[in-house]
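The values are calculated or read from the model by the stated rules, or taken from the named source; none is laboratory data. As the structure is a computational prediction, the values presented were derived from the model and not from experiment. For neighbour counting, all protein chains shown are included, and Cβ atoms are generated from backbone atoms with ideal geometry for every residue, glycine included. Each accessible area value is taken on the protein alone, full model and side chains, heavy atoms only, with ligands, DNA and RNA left out. Shrake-Rupley method; radii C 1.70, N 1.55, O 1.52, S 1.80 Å.
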Amino acid sequence: FPKTARLGTAADFRRVFARPVRSTDDYFTVQALSGHAGRARLGLAIAKRHVRRAVDRNRLKRIAREVFRHEQMRLAGIDFVVSARAPAATAQRQILAESLRQHFERLHGRIDRTDPQARRGARTSQPR
């Protein structure tokens, strides 16, 4: 997982959090924003408040990085931040991986890089 595929600074995270396009389910909230012209980048915000044990937080991060690695070529130019919800701590790996794939696909479809509103992070929400 190279550094060029990560959101590396607090400013990168703030930019995505400021005006995200969101996708939420029982396990994750994924926020996205059309970013730079290069490759897709991933940021992980797995809060101790939702996932108490470090081993569970690390497991969720590994799964998110793995799914992102497989999907990143078709997600070029989009910055993503993945946040876990409490039920993710005990869910099976296959369920979590499929959940993340659906989030990435959904958000990729919502962000039209030719639309200036999307570039500024126009907010859309999806019912849960």
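This table checks each residue for (1) among the polar types (S, T, N, Q); (2) buried (at least 18 other Cβ atoms within 10 Å of the Cβ); (3) touching a Phe, Trp or Tyr at 6+ places or on another chain (Cβ under 8 Å); (4) outside any helix (DSSP H, G or I).
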| site | (1), (2), (3), (4) |
| --- | --- |
| 33 | no, yes, no, yes |
| 58 | yes, no, no, no |
| 68 | no, yes, yes, no |
| 88 | no, yes, yes, no |
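Please work out which one of (1) at pLDDT 90 or above; (2) over 27 Å from residue 3 (Cβ atoms); (3) assigned to a helix (DSSP H, G or I) is the condition residue 117 fails and give its number.
Answer for residue 117: the failing condition is (1).
List, please: which pairs have Cβ atoms under 7 Å, are six or more places apart or on different chains, and start with a residue in the stretch 56-83 that is at pLDDT 90 or above and end with one that is among the hydroxyl-bearing types (Ser, Thr, Tyr)?
Once the first residue is at pLDDT 90 or above and sits in the stretch 56-83, its partners that are among the hydroxyl-bearing types (Ser, Thr, Tyr) give 78/34; 83/29.
Among the numbered criteria (1) open to solvent by 10 Å² or more (accessible area, probe 1.4 Å); (2) hydrophobic (A, V, I, L, M, F, W, C); (3) in a strand (DSSP E or B), which one does residue 42 miss?
Going through (1) open to solvent by 10 Å² or more (accessible area, probe 1.4 Å); (2) hydrophobic (A, V, I, L, M, F, W, C); (3) in a strand (DSSP E or B) one by one, residue 42 breaks only (1).
Among the residues of the stretch 10-28, how many are part of a loop (DSSP other than H, G, I, E, B) and farther than 20 Å from residue 62 by Cα? Even if it seems obvious, please write down each step before you answer.
Of the stretch 10-28, the ones part of a loop (DSSP other than H, G, I, E, B) are 19-20, 25-27.
The next check asks that each one be farther than 20 Å from residue 62 by Cα; those that pass are 19-20.
Within the stretch 10-28, residues that are part of a loop (DSSP other than H, G, I, E, B) and farther than 20 Å from residue 62 by Cα number 2.
Where the second residue is outside any helix (DSSP H, G or I) and of a type in the set (A, V, I, L, M, F, W, C) and the first is more than 16 Å from residue 83 (Cβ to Cβ) and touching a residue at least 40 places away in the same chain (Cβ under 8 Å) and lies in the stretch 93-110, which pairs have Cβ atoms under 6 Å and are six or more apart or on separate chains?
From residues that are more than 16 Å from residue 83 (Cβ to Cβ) and touching a residue at least 40 places away in the same chain (Cβ under 8 Å), the pairs are 110/21.
Does the stretch 76-85 contain at least one residue that is part of a helix (DSSP H, G or I) and touching a Lys or Arg at 6+ places or on another chain (Cβ under 9 Å)? Can you show your working first?
Start the filter on the stretch 76-85 by keeping residues that are part of a helix (DSSP H, G or I), which leaves none.
Scanning the stretch 76-85, I find no residue that is part of a helix (DSSP H, G or I) and touching a Lys or Arg at 6+ places or on another chain (Cβ under 9 Å), so the answer is no.
Against the condition in contact (Cβ under 8 Å) with a residue 24 or more places away in the chain, out of contact with any strand residue (DSSP E or B) (no Cβ under 8 Å at 6 or more places or on another chain) and in a loop (DSSP other than H, G, I, E, B), how does residue 49 come out, does it pass?
no
If you take the residues in the stretch 1-25 that are open to solvent by 50 Å² or more (accessible area, probe 1.4 Å) and among the hydrophobic types (A, V, I, L, M, F, W, C), which one is nearest to the chain's Cα centre (by Cα)?
Here the residue is 17.
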